[in-house]
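Peer 1: Let me give you the structure first, and then I'll get to my questions.
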Amino acid sequence: MLNEKILKLLKENRGDYTSGTEISRSLDVSRTAVWKHIEGLRKAGYSIDAVPSSGYKLAGSPDILTHAEIDAGLKTRYIGKNIHAFSLTDSTNTKAFELALHGAPEGTLVVAEGQRKGKGRLGRRWESPKGVNIYTSIILRPRIAPSSASQITLLAAVAAARAIEKTTKILPDIKWPNDLLIRGKKAAGILMELDSEADMVNFIVLGIGIDVNMEPASLPHDVARVATSLMNETGRRLERVPVIQELCRQIEKWYEIFKKEGFGPVITEWERLSIMAGKYVRVSFLKDTKEGVALGLDTDGALLLRLPTGRIERVVAGDVTMIR
Ligand code: BTN
């Protein structure tokens, strides 16, 4: 698209003027077409200075999750290099799953400004108001057995926590399996979905929701009680693009470590960031409830729980409530 090409030129020349003639020559279009597209970009929220003798200069970008915004300055090799950006979709996980079935490459990023049917863990709904948060899904194609796939969810929790720390200076706590909490309230969640053969993963869709500029009070009462947002915690509105770019960088970093060195370094980092070790917790899954002391992670990512009887049990799914 011409808009995107002009934007790319202005971004490459950020801080300086680019002449209309130069743009029209390098994109092989008329100066009138350049002017019309500059107007289009302004309507989309870009602030562009124009000086007759010098040309155009990008003075400010809107906080929108488009291909052009995410791609500009993204420092990764393959995560986020293929971007599908939507204004509204049912669920970025559902979209990414379809794309993966049709062969989308590893690292493909699906992102939306809002979701109609955002999916949470255990069949829950994920509140997805438009224009304020991050809803993204990344396709990975690791050569692992399905039983190891939950390791990738834990890897994503580590990456998302580090991305939030880099962009806000606040390091969230991880609550098993993949909730990111700030001062005890949830700021981000991860939903991993999987397509596999009996003994080999075909692909994984890593769905990550980060509450960035949302007012928790705007949510339904039961969710608002336990939710927060990065804006709520930092006291300022944040640009979402740098958060998503850092998330891509951290996922690539930890995924590379995982491929080269296995799950060990991820477990170590997860345990460093987790608030659970040594805490007495309750784990609920469907109608089953267990209580005990959280000891840490098993080699496959299961939670190790010491029951009051002294027996150590592996927990592979459920919701954790911290008791003391
Ligand atoms: C949880 O319950 O904690 C997991 C929430 C995951 C939400 C994200 S938002 C992007 C992706 N698309 C979805 O429909 N869900 C995930």
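Peer 1: Enter the Cα centre distance for the pair the stretch 158-230 and the stretch 1-80, rounded to the nearest angstrom.
Peer 2: 33 Å
Peer 1: Of Lys75/Lys260; Lys166/Lys259; Lys8/Lys75; Lys11/Lys169; Lys11/Lys75; Lys81/Lys166, which pairs sit farther than 18 Å apart, going by alpha carbon to alpha carbon? List each step's numbers first, then the result.
Peer 2: Working: Lys75/Lys260 20 Å; Lys166/Lys259 23 Å; Lys8/Lys75 16 Å; Lys11/Lys169 27 Å; Lys11/Lys75 15 Å; Lys81/Lys166 21 Å.
Correct reply: Lys75/Lys260; Lys166/Lys259; Lys11/Lys169; Lys81/Lys166.
Peer 1: Which residue fluctuates most in the GNM of the chain (Cα springs below 10 Å): Val51, Val111, Val212?
Peer 2: Its mean-square fluctuation being the largest, the pick is Val51.
Peer 1: Provide, in order from the shortest bin, the percent of all Cα-Cα pairs of the stretch 146-186 in each 5 Å bin, continuing until the bin that contains the maximum pair distance.
Peer 2: Going out from 0 Å in 5 Å bins, the stretch 146-186 shows 6, 26, 28, 21, 10, 6, 3 percent.
Peer 1: Would you mind checking the pairs Lys117/Lys186; Lys5/Lys130; Lys130/Lys185; Lys95/Lys185; Lys57/Lys253 and listing those with alpha carbons more than 23 angstrom apart? Walk me through the intermediate numbers first.
Peer 2: Working: Lys117/Lys186 19 Å; Lys5/Lys130 26 Å; Lys130/Lys185 21 Å; Lys95/Lys185 28 Å; Lys57/Lys253 34 Å.
Correct reply: Lys5/Lys130; Lys95/Lys185; Lys57/Lys253.
Peer 1: Follow-up question, since we're still on this one. Output the Cα-based Rg and Dmax of the stretch 1-126 in Å, rounding Rg to one decimal and Dmax to a whole number.
Peer 2: 17.8, 60
Peer 1: Oh, and also: Go ahead and set up a Gaussian network model of the chain, Cα springs under 10 Å, then flag whichever of Asn93, Asn82, Asn13 fluctuates most.
Peer 2: Asn13
Peer 1: Helix 264-273 versus the longest principal axis of the chain: what is the Cα-based angle in degrees, 0 to 90, to the nearest 10?
Peer 2: With rounding to tens, the tilt is 90 degrees.
Peer 1: At 1.4 Å probe size, with every protein chain present, just tell me what the per residue accessible area of the chain comes to in Å². The partial results should precede the final answer.
Peer 2: Values: 15290 Å² over 324 residues.
That works out to 47 Å² per residue.
Peer 1: Starting from the Cα gyration tensor of the stretch 239-281, multiply each eigenvalue by 5, take the square root, and state the resulting semi-axes largest first in whole Å.
Peer 2: The answer is 24, 18, 5 Å, longest axis first.
Peer 1: Mind running the shape call on the stretch 2-54? Use the C-alpha gyration tensor, a ≥ b ≥ c as the square roots of the eigenvalues: rounded below 1.5 for a/c, prolate if a/b tops b/c, oblate otherwise. Don't skip to the end; give the middle numbers.
Peer 2: Working: a/c = 1.28, a/b = 1.08, b/c = 1.19.
Cα axes put the stretch 2-54 in the rounded bin.
Peer 1: Nearest 10 degrees, 0 to 90: what angle lies between the long axis of helix 2-12 and the longest principal axis of the chain (Cα atoms)?
Peer 2: 80 degrees
Peer 1: Between Ala302 and Glu4, what FRET efficiency comes out of the Förster formula 1/(1 + (r/R0)^6) with R0 = 35 Å and r the beta carbon distance, rounded to 0.05? Can you show the working numbers first?
Peer 2: On the way: r = 45 Å, r/R0 = 1.29.
The pair Glu4/Ala302 has a calculated efficiency of 0.20.
Peer 1: If you put +1 on each Lys and Arg Cβ and -1 on each Asp and Glu Cβ, how big is the dipole of the chain around its Cα centre, in Debye rounded to 20?
Peer 2: On the way: 47 positive and 39 negative charges, 109 e Å.
Here the size comes out at about 520 debye.
Peer 1: OK, next. Amide H of Lys186 versus every other amide H placed in the peptide plane: which residues, excluding those fewer than 5 positions away on the same chain, fall under 5 Å?
Peer 2: For Lys186, the qualifying residues are Ala227, Thr228.
Peer 1: Additional query: In a shell of Cβ-Cβ distance under 14 Å around Val201, excluding Val201 itself, what net charge do Lys and Arg (+1) and Asp and Glu (-1) give?
Peer 2: Working: positive: Arg141, Arg143, Lys259; negative: Glu106, Glu193, Asp195, Glu197, Asp199, Asp300.
Once all neighbours under 14 Å are counted, the net charge is -3.
Peer 1: Label the stretch 206-324 by shape, choosing from rounded, prolate and oblate, from the square roots a ≥ b ≥ c of the eigenvalues of the Cα gyration tensor; if a/c is under 1.5 it is rounded, and otherwise prolate applies when a/b is larger than b/c, oblate when it is not.
Peer 2: Working: a/c = 2.54, a/b = 1.26, b/c = 2.02.
The shape class here is oblate.
Peer 1: Given the alpha-carbon gyration tensor of the stretch 144-289, what are the semi-axes of its equivalent ellipsoid in whole angstrom, ordered largest first, with each equal to the square root of 5 times an eigenvalue?
Peer 2: Details: eigenvalues 131, 75, 46 Å².
Equivalent ellipsoid semi-axes, largest first: 26, 19, 15 Å.
Peer 1: So, one more: Would you please classify the overall shape of the stretch 273-324 from the alpha carbon gyration tensor, given that a ≥ b ≥ c denote the square roots of the eigenvalues, rounded means a/c under 1.5, and beyond that prolate means a/b larger than b/c while oblate covers the rest?
Peer 2: Numbers: a/c = 1.19, a/b = 1.11, b/c = 1.07.
The shape class here is rounded.
Peer 1: Still on this structure: For the chain, what ratio Rg/Rh do Cα atoms give with a Kirkwood hydrodynamic radius? Before the final figure, lay out each step's value.
Peer 2: Details: Rg = 22.0 Å, Rh = 21.2 Å.
Here Rg/Rh amounts to 1.04.
Peer 1: Considering the convex hull of the alpha carbon atoms of the stretch 126-227, report its projected area averaged over all viewing directions, in nm², one decimal.
Peer 2: Quarter of the Cα hull surface area: 6.9 nm².
Peer 1: Got a sec to turn the phi values of the stretch 221-231 into Karplus ³J(HN,Hα) couplings, 6.51 cos²θ - 1.76 cosθ + 1.60 with θ = phi - 60°, whole Hz, x for Gly and Pro?
Peer 2: With coefficients 6.51, -1.76 and 1.60, one gets 3, 5, 7, 4, 4, 10, 10, 9, 9, 4, 5 Hz.
Peer 1: Shifting gears a bit: So what's the back-of-envelope 222 nm ellipticity for the chain, counting only DSSP H runs of four-plus at -39500 (n - 2.57) apiece and dividing by all residues, rounded to 500? Spell out each step's value before the answer.
Peer 2: Working: 10 runs with 107 residues, N = 324.
Helix contribution divided over all residues of the chain: -10000 deg cm²/dmol.
Peer 1: With a 1.4 Å probe and every protein chain kept in, tell me what percent of the accessible surface of the stretch 38-129 is carbon plus sulfur.
Peer 2: Details: 2310 of 4350 Å².
In the stretch 38-129, the share of accessible area belonging to carbon and sulfur is 53 percent.
Peer 1: Using only Cα atoms, what is the ratio of the radius of gyration of the stretch 29-68 to 2.2 N^0.38 Å?
Peer 2: So the stretch 29-68 has a normalised radius of gyration of 1.22.
Peer 1: What is the spread of the Cα atoms of the stretch 65-206 along each of their three principal axes, largest first, in whole Å?
Peer 2: Projected onto the principal axes, the Cα atoms of the stretch 65-206 cover 41, 34, 30 Å.
Peer 1: Please find, in a Gaussian network model of the chain (springs between Cα atoms separated by less than 10 Å), the residue of Asp63, Asp16, Asp300 whose mean-square fluctuation is greatest.
Peer 2: Per the Cα network of the chain with a 10 Å cutoff, Asp16 tops the list.
The values are calculated or read from the model by the stated rules, or taken from the named source; none is laboratory data. A quick note: this is a predicted structure, and the numbers were derived from the prediction, not measured. Every residue, glycine among them, receives a Cβ derived from its backbone with ideal geometry; neighbour counts consider all protein chains shown. Just the protein is used for accessible areas: all its heavy atoms, side chains included, with ligands, DNA and RNA removed. Shrake-Rupley method; radii C 1.70, N 1.55, O 1.52, S 1.80 Å.
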